[in-house]
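See structure below.
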Amino acid sequence: IFVPGLEQKQYGFSVGGPVIKNKLFFFANFEKDDRTDDGSAWVPNTGSGNINESRVTESDMIAVQNFLSGLGYDTGAYTGFVYGTESIKGIFKLDWNISDKHRVAFIYNFLDASREQPAHPSALAFRGPSATTLQFENSGYEINNQLNSFLVELNSNFSDNLTNKFQIGYSVFNDFRNPLSTPAPSFTILENGAPYIIAGHEPFSINNKLDQDVFQF
């Protein structure tokens, strides 16, 4: 078997305490996660006999790369490249003891995450990378997820038999995708009737976009 390489780093911190003794408190948490994965578990065929060699020859990959470079298009690397995954998230909270009967909290949290990956397999037939098909680095794309959320919560105890929780909040979700390529056509080169080399701009997934504004009461 061939085990692709990856590297991952995670770190963060939490801090909290009183702003005003017995009255106003704060809490904050921050986390960051960075990861890189091999862009492809498969490598061009150089005749080495390695178990992860594709049928696609290195000379063919170089020939396609040089030809498209002559047209002014940068394919990116064909081997030895990595795709990154990153997320930054945090929360900030204030708690205020207004009185013995009423407590209010303000909560803000956010997420900013992205992930690079190869072109989607369903784009222009099977795009690889696999034992039979290879693609260049810049044929991939990046998925982005962004969240910002605000919430105010009031907890009230009016009597032993009557309580209430009041919440009002607003959240913004932005999901979008960025191509790793500059604008260009997508190229699928066949060998013996099957996809062989993939190059060019990811044509479909990058147009997926979803923006949501959520009001909570």
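Whenever a residue of region 141-165 is without any contact (Cβ under 8 Å) to a residue 40 or more places away in the chain and more than 30 Å from T75 (Cβ to Cβ), its partners that are open to solvent by 80 Å² or more (accessible area, probe 1.4 Å) and assigned to a strand (DSSP E or B), lying with C-beta atoms within less than 8 angstrom and at least six residues away or across chains, give the pairs N164/F158. Of the residues examined, A199 is one that is at pLDDT below 95 and touching a Phe, Trp or Tyr at 6+ places or on another chain (Cβ under 6 Å). The combined condition, being polar (S, T, N, Q), assigned to a strand (DSSP E or B) and under 30 Å from I189 (Cβ atoms), is not fulfilled by T75.
In region 118-132, is there at least one residue being at negative phi, surrounded by fewer than 16 Cβ atoms within 10 Å (Cβ to Cβ) and of a type in the set (V, I, T)? So far as region 118-132 goes, no, none of its residues is at negative phi, surrounded by fewer than 16 Cβ atoms within 10 Å (Cβ to Cβ) and of a type in the set (V, I, T).
Does Q135 qualify as being polar (S, T, N, Q), modelled with pLDDT of 90 or more and in contact with a Gly (Cβ under 9 Å, 6 or more places away or on another chain)? Considered against the rule, which asks whether it is polar (S, T, N, Q), modelled with pLDDT of 90 or more and in contact with a Gly (Cβ under 9 Å, 6 or more places away or on another chain), Q135 comes out as yes. Return yes or no: is I198 β-branched (V, I, T) and closer than 30 Å to I62 by Cβ? Yes, satisfied. Right, L6: closer than 24 Å to S181 by Cα and surrounded by fewer than 11 Cβ atoms within 10 Å (Cβ to Cβ) or not? Against the criterion (closer than 24 Å to S181 by Cα and surrounded by fewer than 11 Cβ atoms within 10 Å (Cβ to Cβ)), L6 does not qualify. Of all residues in region 1-49, those that are under 24 Å from the mean Cα position of the chain (by Cα), of a type in the set (A, V, I, L, M) and not in a strand (DSSP E or B) total 2. When you check F173 against the structure, is it modelled with pLDDT of 90 or more, surrounded by 15 or more Cβ atoms within 10 Å (Cβ to Cβ) and of a type in the set (A, V, I, L, M, F, W, C), yes or no? Yes: the conditions hold for F173.
Against the list (1) touching a residue at least 40 places away in the same chain (Cβ under 8 Å); (2) over 28 Å from E58 (Cα atoms), the condition P118 fails is (2).
The values are calculated or read from the model by the stated rules, or taken from the named source; none is laboratory data. For clarity, every value in this text was computed on a predicted model and none was experimentally measured. Virtual Cβ from ideal backbone geometry, glycine too; neighbours counted across all protein chains shown. Accessible surface areas use protein heavy atoms only, side chains included; no ligands, DNA or RNA. Shrake-Rupley method; radii C 1.70, N 1.55, O 1.52, S 1.80 Å.
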